[in-house]
Amino acid sequence: MRYQIDKQYTDQVIKIPIRTWEKTRVVARAHHPTKPNTHYFDAAPLINGVEAIIIKIPKMPESVIVEVYNEKNGNIEKDDTFAIGKISTAPIKLSWQIKKMMNRTVASFAKFNDDFSENAGVITAQNSVFLSPDGQFRIDYKDVIRNDNGMALTTPARINSETKIIEIAKKYYIQYTVPGRRAINWHEFSHMFVNKDKSNEFEADKNAIMIYLGTGNPTVEAYNVFLRVFKNAPSNLNRARYNEMNKFIKDFSYSINNNQIPKTT
């Protein structure tokens, strides 16, 4: 089933009530109506009874296409294995704690990150250089990232500790959702501009997740993109990073719901 959802709010929540008569994995996807490789949500929760799929889209485009279907049956026109209620929209509510995190540097990168992530699926890579409007940040968009010997690396992104230039590999970014791209970019940004220990991966993960979730992005896409990255480079470090990230996301949600400042240490 396919729906066009128009923009009602700058940062928009789409709520899709679902009813199933048995355990059913229901796919929900949201993508740009005309721009290829530009997806905002891609999940398949297991639903047994009545639940709502919540799609958060910060910086909502003029419209998106939402597709909902039974994973087992595929996206067919009529499917009586589940029912969709009235779809509604609302603004994403950002808490006062998040606003306090948005200093001038974070706010500048947020705009740059949003613009790049939205268009990364359609713009040319081939060592293209993208600068933020204030000239503070630079992204080198490459087909793949290579080491000093010319060998292709599996990393989707990295930041140079001296120049603070972020390198991004289109080979991987074209597969990620828009919020997934934002999450990885926030990780690289955090290394140099937020972390106390610039080389600490755990600290960069936590700072990235805090800003990413705080700016209204969907939790599931953070899990999705970091799992992709970690599976592409399995290691004890990455397993530990995932476990810490999972705990931090849960703690972060608790902190926000109880009007507390989230902690990264």
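The values are calculated or read from the model by the stated rules, or taken from the named source; none is laboratory data. Since the structure is predicted, the reported quantities are computational estimates derived from the model, not experimental observations. Here the Cβ is made from the backbone with ideal geometry for all residues, glycine too, and neighbour counts use every protein chain on show.
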- Note on the structure: residue 224 vs (1) without any contact (Cβ under 8 Å) to a residue 60 or more places away in the chain; (2) touching a helix residue (DSSP H, G or I) at 6+ places or on another chain (Cβ under 9 Å): all pass except (1)
- Task: Would you be able to say whether some residue in segment 88-101 is in contact with a strand residue (DSSP E or B) (Cβ under 6 Å, 6 or more places away or on another chain), in a loop (DSSP other than H, G, I, E, B) and closer than 27 Å to residue 193 by Cβ?
- Result: yes
- Among the residues of segment 36-60, count how many are assigned to a loop (DSSP other than H, G, I, E, B) and in contact with a helix residue (DSSP H, G or I) (Cβ under 8 Å, 6 or more places away or on another chain). 3
- Task: State whether one or more residues within segment 167-180 are within 16 Å of the chain's Cα centre (by Cα), of a type outside the set (Gly, Ala, Ser) and modelled with pLDDT under 95.
- Result: no
- Condition met for residue 120 (under 29 Å from residue 14 (Cβ atoms), touching a strand residue (DSSP E or B) at 6+ places or on another chain (Cβ under 9 Å) and surrounded by 17 or more Cβ atoms within 10 Å (Cβ to Cβ)): yes
- Task: Could you please give the count of residues in segment 10-32 that are under 26 Å from residue 94 (Cβ atoms) and either of a type in the set (Gly, Ala, Ser) or exposed (fewer than 13 other Cβ atoms within 10 Å of the Cβ) (or both)?
- Result: 3
- Item | Subset of segment 177-194 [within 13 Å of residue 116 (Cα to Cα) and without any contact (Cβ under 8 Å) to a residue 60 or more places away in the chain] | 180, 183, 184
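This table checks each residue for (1) at positive phi; (2) touching a residue at least 12 places away in the same chain (Cβ under 8 Å).
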{"position": "126", "(1), (2)": "yes, yes"}
{"position": "132", "(1), (2)": "no, yes"}
{"position": "145", "(1), (2)": "no, yes"}
{"position": "148", "(1), (2)": "no, no"}
{"position": "156", "(1), (2)": "no, yes"}
{"position": "159", "(1), (2)": "no, yes"}
